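Colleague: So that we are looking at the same thing, I have put the structure below in structure tokens.
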Amino acid sequence: MTPFLLLLPAILTMLFVVALPLIFSFYTSMTSYRLTRPETIEDFIWFRNYIRLFENPDFWRAFLRTIVFLAIALNAELLLGLGIALLINKITWGQRTLRTIMMFPMMFSPILVGFQFKFIFNDNIGILNNALQSLGLTTQAIPWLVDAKLAMFSIIFAEVWMSTSVFAILLLAGLFAMPRDPIEAAKVDGCNSWQVFRHITLPFLMPFVFIAMTIRSLDVARAYDIVAIMTGGGPAGRTELLWTMIARVGYDNARMGQANAMAYLSTILSIAFTYYFYTKLVAARRYMGGAE
Amino acid sequence: MASIMLKDVVKSYGKVRAVHGINLEIGHNEFVVLVGPSGCGKSTTLRMIAGLEDISGGEVLIGDRIVNDLPPRKRNISMVFQNYALYPHMSVRDNLGFGLKIAGQKPKVIAERVAEAADILGLSELLDRTPAELSGGQRQRVAMGRAIVRHPDAFLFDEPLSNLDAKLRGQMRAEIKKLHQTVRTTIVYVTHDQIEAMTLADRIVVMRGGHIEQVGTPMQVFNHPVNTFVAGFIGSPPMNQLPGHIEAGQVVLADQSRVPVPPRLAGKVREGQKVILGIRPDDISPQGHGLGMPEDAAQVATLDLRIALAEPLGMESLIYTTIAGQEVQAKLYGPRIVQPGEVLTFQVALARAHLFDAETTRSLEVL
């Protein structure tokens with residue numbers, strides 16, 4: 001009896017904080033619950049919300065767009081972050097200062113970053129179009145946030161600007177932790193700089209890459225704020241991601257049951273990404289015990 | 001296979017000089033050991049030969065090429081590091097074959113050479129393991145294997161045994177010596193352990209403070225140290241060094257006790273010269289318990305000494321006693337047990353004693 005009593009606080013916390021909301025939201029995803037008509041929460045419709053989603057091309061477009069968004073943003077952030085980390089690792093003077101400056105984008109609220117880039121990319125008063133026109137690179141106003149492809153690009157750009165430093169910092173930590181000896185051994189073994197990077201540095205950094213990927217894939221998959229501010233999912237739903245769609249359906253249209261069903265499907269996406277990167281991480285870490 | 005030559009090689013870090021213009025010629029297939037205390041510049045010198053440190057001045061030649069501006073990969077040398085420096089994400093096989101793979105060798109050649117090296121070092125069973133699954137000694141062997149598969153012009157060893165325990169160190173020392181006999185190649189070996197230097201080297205280079213103090217075969221360096229530093233550094237336990245001055249053909253020690261000047265040095269001392277008398281512990285022994293005491297009575301001095309402490313080591317004992325108020329170590333050969341406080345008659349082998357000038361610390365023998 002005593003073990004159970006001692007575990008009780010933990011069990012109760014888990015129950016109220018995790019289990020009950022999970023069960024409740026899963027239940028509502030199987031009702032036609034509308035926020036404006038509370039009694040509909042009792043209208044149990046089994047999997048009809050899910051079936052409706054599977055038949056809804058708009059949902060699948062948002063789903064795919066989220067995956068593309070994830071893939072492009074994560075890869076761009078990885079490449080840029082790796083580049084920045086390698087460069088900062090090289091310098092000896094002013095490294096601390098640069099490291100701090102590098103983290104500035106992370107210090108702003110994503111909402112404010114969204115507003116800032118909305119202004120920068122604005123086709124009439126935006127600083128970017130102004131600069132391009134003053135430099136004579138273009139004579140027309142480029143509709144950054146109106147054209148579907150450009151709007152997606154603009155959002156990804158803002159996302160990358162804000163979060164590249166997460167990769168840079170984690171990879172820099174990896175570079176700091178890296179033993180010098182294998183690198184020197186590789187140089188003596190005949191490697192040029194690129195080969196040292198390719199065969200020694202990069203494999204050593206992979207665990208750090210996967211940690212960063214795991215964290216960031218969760219972050220990016222739930223992207224909402226920047227998109228909501230910059231385009232609101234527009235034009236005509238062309239930048240709609242899963243969470244902007246869920247928020248619209250749940251709060252604007254008040255169809256909470258349907259929104260919950262979407263949220264469950266998007267959670268599966270997040271779990272899939274996390275699981276993938278985590279397996280990679282475990283595999284990459286296994287042999288690192290021999291670094292000494 | 002190549003000789004290595006250092007000409008006035010200098011290394012400075014900013015204003016600090018680590019290596020002060022050293023000159024050294026290492027012959028074809030020679031095993032040279034650089035030895036000295038920490039910070040003497042031995043590792044820096046080795047790393048300059050490897051190309052891992054820039055050369056601030058002078059020239060390094062491998063074979064007949066000046067390699068000052070060549071990156072390590074173009075010098076055709078192999079290096080074994082203190083921390084093994086294995087590639088943790090590769091199997092033993094890939095670790096061994098990595099250099100060949102980078103050099104663009106065919107898989108068949110790589111497999112052959114890896115098998116050959118694994119055979120020499122007894123690694124054949126371990127080829128599919130990763131470094132994390134190996135013991136320290138095995139890792140060291142892989143590091144050596146990685147060096148030999150490439151058939152380089154020279155091997156560089158940077159304190160390769162200092163991370164191993166005493167027993168393993170002894171074993172690996174023997175293996176390195178055997179390796180040199182099987183794979184005849186020029187070897188430059190850095191260590192702070194004078195026993196490794198003595199046992200492995202064809203020639204020893206004793207370094208201190210970025211200078212070379214003495215170069216010679218192990219026996220030359222042991223029997224004819226050029227100064228008090230080399231005398232104290234090579235040999236274990238270290239040589240006893242007793243200050244005194246010369247008076248009427250005798251060395252007068254601090255407490256006015258007298259020891260005759262060794263006959264072979266008789267012509268080299270000046271009356272009144274301040275000197276340091278150097279005697280190895282092996283050359284101070286209780287009467288009847290010495291090893292190789294000279295037959296000639298003129299080559300032996302006799303002293304009565306009180307024993308402060310004895311450390312029995314089985315067939316010999318290390319004895320701590322005092323001569324002229326200074327602690328000295330002596331050796332007792334044979335199974336006799338002595339007690340602290342005992343007074344015994346000791347013999348000193350003058351034939352093997354050394355005299356150093358107290359001001360320059362240089363041996364009078366070489367003057």
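Colleague: What list do you get for B:ARG73, A:ARG216 if you sort them by fewest beta carbons within 10 Å? Intermediate results must be reported in sequence, preceding the final value.
Modeller: Numbers: B:ARG73 21, A:ARG216 24.
With the fewest neighbours first, B:ARG73, A:ARG216 line up as B:ARG73, A:ARG216.
Colleague: Which semi-axes, in whole Å and largest first, does the equivalent ellipsoid of region B:240-366 have when worked out from the alpha carbon gyration tensor as the square roots of 5 times its eigenvalues?
Modeller: The equivalent ellipsoid of region B:240-366 has semi-axes of 26, 15, 12 Å.
Colleague: Whole-Hz Karplus ³J(HN,Hα) for region B:324-341, in order, using 6.51 cos²θ - 1.76 cosθ + 1.60 and θ = phi - 60°, x for Gly and Pro?
Modeller: Each residue of region B:324-341 in turn: 6, x, 10, 5, 10, 10, 9, 10, 10, 9, x, x, 5, 9, 10, 10, x, x Hz.
Colleague: Here's something else I'd like to know. Would you work out which of B:VAL221, B:SER162, B:ILE110 lies farthest towards the positive end of the dipole of region B:4-233, given +1 charges on the beta-carbon of Lys and Arg and -1 on that of Asp and Glu, about the Cα centre?
Modeller: My answer, from the dipole projection, is B:ILE110.
Colleague: Determine, for A:MET30, A:MET14, A:MET262, the number of other Cβ atoms within 10 Å of each Cβ, and report the residues in order from fewest to most.
Modeller: Fewest-to-most Cβ neighbours within 10 Å comes out as A:MET14, A:MET30, A:MET262.
Colleague: If you bin the C-alpha pair distances of chain B every 20 Å from 0, what whole percents do you get?
Modeller: All Cα pairs, binned at 20 Å, distribute as 26, 46, 25, 3 percent.
Colleague: Using amide H atoms built in the peptide plane, which far-off residues or other-chain residues are under 5 Å from B:VAL328 H to H?
Modeller: B:THR321, B:THR322, B:ILE323
Colleague: Hey, fewest Cβ within 10 Å first, where do B:HIS180, B:HIS151 land in order?
Modeller: Numbers: B:HIS180 19, B:HIS151 15.
If I rank by nearby Cβ atoms, fewest first, I get B:HIS151, B:HIS180.
Colleague: Here's another thing I want to ask about it. Please list, in order along region A:101-112, the HN-Hα scalar couplings obtained from phi with the Karplus expression 6.51 cos²θ - 1.76 cosθ + 1.60 (θ = phi - 60°), rounded to whole Hz, x for Gly and Pro.
Modeller: Result, rounded to whole Hz: 4, 4, 8, 3, x, 6, 7, 8, 5, x, 4, 5.
Colleague: Right, here's the next one. Expressed as an acute angle from 0 to 90° and rounded to the nearest 10, what is the orientation of the C-alpha long axis of helix B:107-121 relative to the principal long axis of chain B?
Modeller: Tilt relative to chain B: about 20 degrees.
Colleague: Could you name the lysines in cross-link range of B:LYS7, using Cα to Cα under 27 Å and dropping any fewer than eight places away on the same chain?
Modeller: Counting by Cα, and skipping residues close in sequence, B:LYS7 has these lysines nearby: A:LYS187, B:LYS15, B:LYS42, B:LYS74.
Colleague: Okay, moving on. Run the reach check for A:LYS118 against lysines, Cα to Cα strictly under 19 Å, same-chain hits fewer than 8 apart removed. What comes back?
Modeller: A:LYS149
Colleague: I'd like the orientation of helix B:92-102 relative to chain B: the angle between its Cα long axis and the longest Cα principal axis, in ° from 0 to 90, rounded to 10.
Modeller: 70 degrees
Colleague: Over the alpha carbons of the protein assembly as shown, what is the largest minus smallest coordinate on each principal axis, giving the biggest first in Å?
Modeller: 120, 78, 52
Colleague: How many percent of Cα pairs in region B:276-331 exceed 13 Å?
Modeller: Across region B:276-331, Cα pairs with separations above 13 Å total 62 percent.
Colleague: When the expected Rg is taken as 2.2 N^0.38 Å, what fraction or multiple of it is the alpha-carbon Rg of chain A?
Modeller: In units of the globular-protein estimate, chain A measures up at 1.24.
Laboratory data are not the source of any read-out in this text; all were calculated from the coordinates shown. Worth saying up front: this structure is predicted, and the values here are computed from it rather than measured. Neighbour counts are summed over all protein chains in view; Cβ atoms, including those assigned to glycine, are modelled from backbone coordinates with ideal geometry.
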